[in-house]
Amino acid sequence: MHPFISLCMTASVDRLPDTQPALKLSIFVDRQISHVDLLQSIQAHIRELDSEFPTHVDINEVGDCPYLAEHYKLVVTPALVKAAPLPAHVLAGHDLIEQLEVWWPRWQEQLRQSVIQADRKVSDVITNGTYQSTDLLRLSEELFQLRQHQAELKEQLFFKDRILAMLAHDLRNPLAATSLAVETLEQHGDRLEPEMKRQLLEHARAQTRKMEQMIDDILQAARGTAAELTLSTAEVQLTDICWTALEDVRDRAAAKQLQLDTDIPPRLPTVHADRDKIRQVLINLLDNAVKYTPAGGTIRLGVLHRTTQKIEVSVSDTGPGVPVAEQERIFSDSVRLSRDRAREGYGIGLSSCRRIIRAHYGRIWVMSSSNEGSSFHFTLPIFRP
């Protein structure tokens, strides 16, 4: 028996009486990817959550119920859908447990409101002999949605204010360095050696690229979730993108005396992807590797034809590594490790990478341990004509 099927048979967390409001959840997984451990963790976590109402969980394989995947507009697995009470709410990604911690109390409050409205409905019937609660239920649902939307807007405003403040601060250094290099060339260019001119120009270009990356990260974060990304996909040769991205970081790596190793097979299947967006992901991962790897360290870019459907790309370094407890959180918006607070950047680059890869129906993750380096991996679908 398939492991997902057996899990589905034991997925009900508790009884589900018809007379009592209940929370109905559906988990969607991909047959091609092993989610058994994550499913068991999610079910165990739901049992431990404080709930006033019965909760029912069922598990579905996306391939067995494409109509549901289409109905809920699922773009990535694993995904968890709060199917009832309405409106439906979709959570997705490998940090489902962390997302549940945020949304669980809100769902409980929604159920409480439905109970209050049901009580009022009964009261109307008893006292007035008429049934006029439909409008009240509708208004209550609209009020709940407005409050939820208000809370989300407040979070977005706080995030944008914080980002703008950091942007104004962090742009000063590369802008000043670029201005100094240009002014030196303007005032003393005729007396400088050709090699010195070349170094100043390259320094100015590097600082300009750094500012462009900062702005790209901000714009990407402002666009929201992966479902809102606009992709221009085509048949793409991944090896070309890899070598282009390596050239972009080569000078910065050389400045820190870092060794760049590669394992890029010359003959790889083409992938179905947006060339510019995947190049952005690679440059972001390589930039992070350059930033966090100490002088004299090693960075490695590898590509592996993993299955008949996927290609896996890996960026590894010999930096400080990422603690196991933080390895999911670093892909969330504006999450930064405490050790990195003094470094340039906003902690949104990896979040942007995750949005892009998920929009390609791929997966991105990190394998690391403290003081032993990090390996970031992502997958892309092979092009099928």
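The values are calculated or read from the model by the stated rules, or taken from the named source; none is laboratory data. It should be emphasised that the depicted structure is a prediction, and the values quoted were computed from it without experimental measurement. Don't worry about glycine lacking a Cβ; one is built from the backbone with ideal geometry, like all the others, and counts go over all protein chains shown. To get the accessible areas, we keep the full protein, side chains included, count just its heavy atoms, and leave off ligands, DNA and RNA. Shrake-Rupley method; radii C 1.70, N 1.55, O 1.52, S 1.80 Å.
A few remarks follow.
- Among the residues listed as 384, 336, 355, the single one being of a type in the set (D, E, K, R), surrounded by fewer than 16 Cβ atoms within 10 Å (Cβ to Cβ), at pLDDT below 90 and not in a strand (DSSP E or B): 384
- Selection status of residue 325, modelled with pLDDT of 90 or more, open to solvent by 30 Å² or more (accessible area, probe 1.4 Å) and among the aliphatic types (A, V, I, L, M): no
- Where residue 195 falls short, out of the listed (1) modelled with pLDDT of 85 or more; (2) part of a loop (DSSP other than H, G, I, E, B): (2)
- Residue 104 satisfies every condition listed in (1) in contact (Cβ under 8 Å) with a residue 24 or more places away in the chain; (2) closer than 28 Å to residue 379 by Cβ; (3) among the aromatic types (Phe, Trp, Tyr); (4) in a helix (DSSP H, G or I) except (2).
- Tallying residues that are at pLDDT 85 or above and loosely packed, with under 15 Cβ neighbours inside 10 Å within the range 157-181 yields 2.
- Within the range 207-251, no residue satisfies the criterion of being more than 28 Å from residue 270 (Cα to Cα), small (Gly, Ala, Ser) and at pLDDT 80 or above.
- The condition of being at pLDDT 80 or above, surrounded by 13 or more Cβ atoms within 10 Å (Cβ to Cβ) and in contact with a Phe, Trp or Tyr (Cβ under 8 Å, 6 or more places away or on another chain) holds for only one of 111, 96, that being 111.
- The single condition among (1) assigned to a helix (DSSP H, G or I); (2) under 29 Å from residue 362 (Cβ atoms); (3) touching a Phe, Trp or Tyr at 6+ places or on another chain (Cβ under 6 Å) that residue 40 does not meet is (3).
- Only a single item in (1) open to solvent by 40 Å² or more (accessible area, probe 1.4 Å); (2) under 24 Å from residue 351 (Cβ atoms); (3) not in a helix (DSSP H, G or I) is not met by residue 80, and it is number (1).
- Counted residues, the range 36-53 - those being within 21 Å of residue 108 (Cα to Cα) and under 22 Å from the mean Cα position of the chain (by Cα): 3
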